[in-house]
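The values are calculated or read from the model by the stated rules, or taken from the named source; none is laboratory data. Keep in mind that this is a model prediction, so the values were computed, not measured. Quick reminder, even Gly has a Cβ in these numbers, built from the backbone with ideal geometry, and neighbours come from all protein chains shown.
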Amino acid sequence: MDMLVIKALIAGGLIALMAGPLGSLVLWRRLAFFGDTLSHASLLGVVIGLIIGILPVFGIFLSSFVVALLLLLVLHQKSLSKDTTLALISQGALAIGLLSIFLYKQARLTLMDYLFGDILAITNQDLVIMVIGVILTLTVLSLYWHKLLATTLSPDLAAVDGINVRFIQGIFLFLLAFSVALSIKIVGVLLMSSLLIFPAATARLYAKTPEQMVIGAALFGISFIMLGISASFFFETPTSPSIVVCGLIVFLSSWSLLSLKR
């Protein structure tokens, strides 16, 4: 098997393992647009990385964390709804990122890579960063899993039980920002949230417990990536959109079959 494909499968599997629990939490918390907001902000991170002379992925980390902190501060205000706040920050971040890339001409060469992603362009350095990032993310998730579930089900009851709800929400948002920064090279800015939402949404159709949904989301994510890479080779189509389309087909097929059974 071609080494490029092996690297792509390893990278995709790593990201799917991380996206399983995070995507499930995103659906449970009704924050489906949060991935879009962070991925749009990552364009500005690409420019920041190029300007200060570091890898773009570290610039993406920086911009994603700043946006996560901003969201943590503003999501609890009452004057605007959560969806409105996310839409404002998402579109504003995308516009600033695109404008920055236009003004900083050296960034234009990498624009398409980060808009649409290219899992087949994964390097050994990218893989090392992903392995470390996924291990860190899964470790933190395992340490705070019960508190994350408690604050998701009922923040008020969690607070009564002595859980620092704001701190746990911050942990979740920063983990999500971290995962977006790690994953952006696989499916790109425009399709990033699909990597979080589609596997979790499909697993939700079959799961009866939170743990089943998390495991199912990870397995579906790995399957979507394998199917997408295979389809892109067979039909000679771009890999990232192929992954998303395969995920959409599996979700719609599952939903249709289960609806007919009911």
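Brief remarks follow.
- Number of the exception - Ser193 against (1) out of contact with any Leu (no Cβ under 8 Å at 6 or more places or on another chain); (2) more than 20 Å from Leu31 (Cβ to Cβ): (2)
- Residues that are more than 14 Å from Asp113 (Cα to Cα) and β-branched (Val, Ile, Thr), drawn from region 29-48: Thr37, Ile48
- Extreme residue, farthest from Ser194 (Cα to Cα), among residues of region 16-35 that are surrounded by 24 or more Cβ atoms within 10 Å (Cβ to Cβ) and either at pLDDT below 90 or over 15 Å from the mean Cα position of the chain (by Cα) (or both): Phe34
- Top-ranked residue in region 165-215 [being buried (at least 21 other Cβ atoms within 10 Å of the Cβ) and among the aromatic types (Phe, Trp, Tyr); ranked as nearest to the chain's Cα centre (by Cα)]: Phe178
- Residue ID - surrounded by the fewest Cβ atoms within 10 Å (Cβ to Cβ), chosen from residues in region 129-147 that are touching a residue at least 24 places away in the same chain (Cβ under 8 Å) and more than 14 Å from Phe172 (Cα to Cα): Val131
- Qualifying residue in region 97-115 (condition: under 29 Å from Gly12 (Cα atoms), modelled with pLDDT of 85 or more and of a type in the set (A, V, I, L, M)): no
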